[in-house]
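Notes follow the structure.
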Amino acid sequence: MPVLAVIRELIIDHWGSAWNKWPNTDDTDFSAIRAAVHPAICASSSGDLLQIDRYYYPAYCAYAQAGHLHLPAGLPIGYIDVRKPPDAKVLRAQLETIKQYSQTCQSIRWRHGYQCYPEVSKELPGLFPIRILEFGDDCPGSSEHKTFPHAQYFNELIHNMYVWDFETGTRVSDKYKEHGLNSAHFVALCAASGTIAYAAEKGLTVEAKADLLRSGNPLPYGLVYVGCSGWLNKYRQAFNTELFQRRAEFHAVGLATRFYGQGGPDGYLEPRMPPKGSGWTTAPLYWNALLGHNYAISSIFNARLFDLWLSGVGQLIYDKNHELADFGALPDEHYIAYNGTVDDLLRQAVAWSQDRSRLADLIIRGRDKAREIMQTWSHERAFRSIYFKYLKELGL
């Protein structure tokens, strides 16, 4: 089928490990990145095809263009805070370049809000018919100084967290409507880079792990956890603190534990950033574990949700805000529900570890649900919805 039309899209992003440009290195030559065109085909449900020609404008390129290689004071590489704008000549260079792209591009996609400041974002409605804000860290204490100041200037949101506030259960899409961005598209984060590749290279399958459980053969670890401190959620912090203090109780009932991350008794799981992705580090732990607990910071839809499911781990989840049910993921069917206390976590862990046949069935269903969610709530689905929506407006 022939292509209906071509849409040109400008993407602003920071990809430090792949691009190896300033400020990650001293190399300020962004010309090759900017010159490359990345074509993609987007198909509608009826089979109509669009070609999307994508161009990258690295988020930190404007510093080099302005001849001002100085980040705002107190703003580390990759961090986002609109309260700390760069020098005015950097913003001028960025805006002028974006205006140049707008002469040929109908769409702009600003990923994660890297180096996005209202002085520039407020100009976007007059430049691009399609304005996509793509963000993955929505929660109280994050969105306020990263994306909310820009929301009114974009007309499409791609978000990876489903719940914005753990305490109230407010959904991300509803929160952005309060800030003037009414069209939102949830995209599942999927697994951490390296998770799926590790299993494929090692020949590991959830079916084989389920057979191992049914046979009664032991696994090295009964309960594992890898995560950040979650300082933006006082409930998660309190839970983890108590869990770490009570790990001896799990060991006493035969559940060997490994708890990694800030404040975890086992320290950090190294290497933290291996070349093949963080999933390459966590995968050996997960494939050797019966159970893993997952306590949301805001939304349960972080990468860990899929890492655990895809690695055949019986995932213990406190789904306070009933977000998993919206995706057909059910307690004791796809994951193990507990009530948010360490006492109940211990009870559930003991019960499920002693019923290996039931646990084996659950990890297979969990894996299947992970695949279903990743396929259904994909970037491709979100892009398709957005691009075809604007065809008439674009005159294509």
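Among residues belonging to region 80-104 that are in contact (Cβ under 8 Å) with a residue 60 or more places away in the chain and among the hydrophobic types (A, V, I, L, M, F, W, C), point out the one that is nearest to Arg34 (Cα to Cα).
It comes out as Ile98.
So which pairs qualify, if the first residue must be in region 248-276 and on the phi > 0 side of the Ramachandran plot, the second must be among the polar types (S, T, N, Q), the Cβ gap must be under 6 Å, and the two must be at least 6 apart or on different chains?
Between residues of region 248-276 that are on the phi > 0 side of the Ramachandran plot and residues that are among the polar types (S, T, N, Q), the close pairs are Gly263/Ser229.
Do the conditions hold for Leu310, that is, is it out of contact with any Gly (no Cβ under 6 Å at 6 or more places or on another chain), surrounded by fewer than 22 Cβ atoms within 10 Å (Cβ to Cβ) and closer than 22 Å to Cys228 by Cβ?
Against the criterion (out of contact with any Gly (no Cβ under 6 Å at 6 or more places or on another chain), surrounded by fewer than 22 Cβ atoms within 10 Å (Cβ to Cβ) and closer than 22 Å to Cys228 by Cβ), Leu310 does not qualify.
Looking at the structure I just gave you, is Ala88 modelled with pLDDT under 95, surrounded by fewer than 19 Cβ atoms within 10 Å (Cβ to Cβ) and not charged (D, E, K, R)?
For Ala88, the condition - modelled with pLDDT under 95, surrounded by fewer than 19 Cβ atoms within 10 Å (Cβ to Cβ) and not charged (D, E, K, R) - is not met.
Considering only region 346-357, I want to know if a residue exists there that is surrounded by fewer than 17 Cβ atoms within 10 Å (Cβ to Cβ), among the hydroxyl-bearing types (Ser, Thr, Tyr) and in contact (Cβ under 8 Å) with a residue 60 or more places away in the chain.
Yes, region 346-357 contains at least one residue that is surrounded by fewer than 17 Cβ atoms within 10 Å (Cβ to Cβ), among the hydroxyl-bearing types (Ser, Thr, Tyr) and in contact (Cβ under 8 Å) with a residue 60 or more places away in the chain.
Based on what the data block shows, is Thr195 more than 25 Å from Tyr318 (Cα to Cα) and of a type in the set (Val, Ile, Thr)?
no
Looking at Gly264, Gly277, can you tell me which residue is in a loop (DSSP other than H, G, I, E, B), more than 22 Å from the chain's Cα centre (by Cα) and at pLDDT below 95?
Just one listed residue meets the conditions, Gly264.
Please state which of the following conditions Ala200 fails to meet, knowing it meets all the rest: (1) free of Cβ contacts under 8 Å to residues at least 40 places away in the same chain; (2) more than 24 Å from Met273 (Cα to Cα).
If we test Ala200 against (1) free of Cβ contacts under 8 Å to residues at least 40 places away in the same chain; (2) more than 24 Å from Met273 (Cα to Cα), just (2) comes out false.
Does region 262-281 contain any residue that is among the β-branched types (Val, Ile, Thr) and in contact with a helix residue (DSSP H, G or I) (Cβ under 6 Å, 6 or more places away or on another chain)?
Looking for residues that are among the β-branched types (Val, Ile, Thr) and in contact with a helix residue (DSSP H, G or I) (Cβ under 6 Å, 6 or more places away or on another chain), one finds none in region 262-281, hence no.
What are the pairs with Cβ atoms under 6 angstrom where one residue, in region 169-190, is among the hydroxyl-bearing types (Ser, Thr, Tyr) and the other, located anywhere, is assigned to a loop (DSSP other than H, G, I, E, B)? Sequence gap at least six, or different chains.
Thr170/Trp164
The conditions are (1) outside the structural domain of Asn160 (by TED's automatic domain parsing); (2) crowded, with 20+ Cβ neighbours inside 10 Å, and Phe239 fails exactly one of them. Which is it?
That leaves (2) as the condition not met.
Residues that are farther than 23 Å from Asn20 by Cβ and out of contact with any helix residue (DSSP H, G or I) (no Cβ under 6 Å at 6 or more places or on another chain): which strands (runs of 3 or more DSSP E) entirely in region 43-161 hold 3 or more of them?
Qualifying strands (runs of 3 or more DSSP E): 49-58, 130-135.
What are the residues in region 171-180 that are in a loop (DSSP other than H, G, I, E, B) and out of contact with any Pro (no Cβ under 9 Å at 6 or more places or on another chain), if any?
Within region 171-180, Gly180 is the sole residue that qualifies.
Is one or more of the residues making up region 130-142 over 16 Å from Ile158 (Cβ atoms), in the same structural domain as Tyr63 (by TED's automatic domain parsing) and in contact with a strand residue (DSSP E or B) (Cβ under 8 Å, 6 or more places away or on another chain)?
The answer is no, given that none of the residues of region 130-142 is over 16 Å from Ile158 (Cβ atoms), in the same structural domain as Tyr63 (by TED's automatic domain parsing) and in contact with a strand residue (DSSP E or B) (Cβ under 8 Å, 6 or more places away or on another chain).
Name the one entry in Ile363, Ile373 that is more than 23 Å from Asn160 (Cβ to Cβ), assigned to a helix (DSSP H, G or I) and within 23 Å of the chain's Cα centre (by Cα).
Going through Ile363, Ile373 in turn, the sole match is Ile363.
The values are calculated or read from the model by the stated rules, or taken from the named source; none is laboratory data. Note that the coordinates shown come from a computational prediction; the quantities given were computed from them, not determined experimentally. Neighbour counts run over all protein chains shown; Cβ positions are idealised from the backbone, glycine included.
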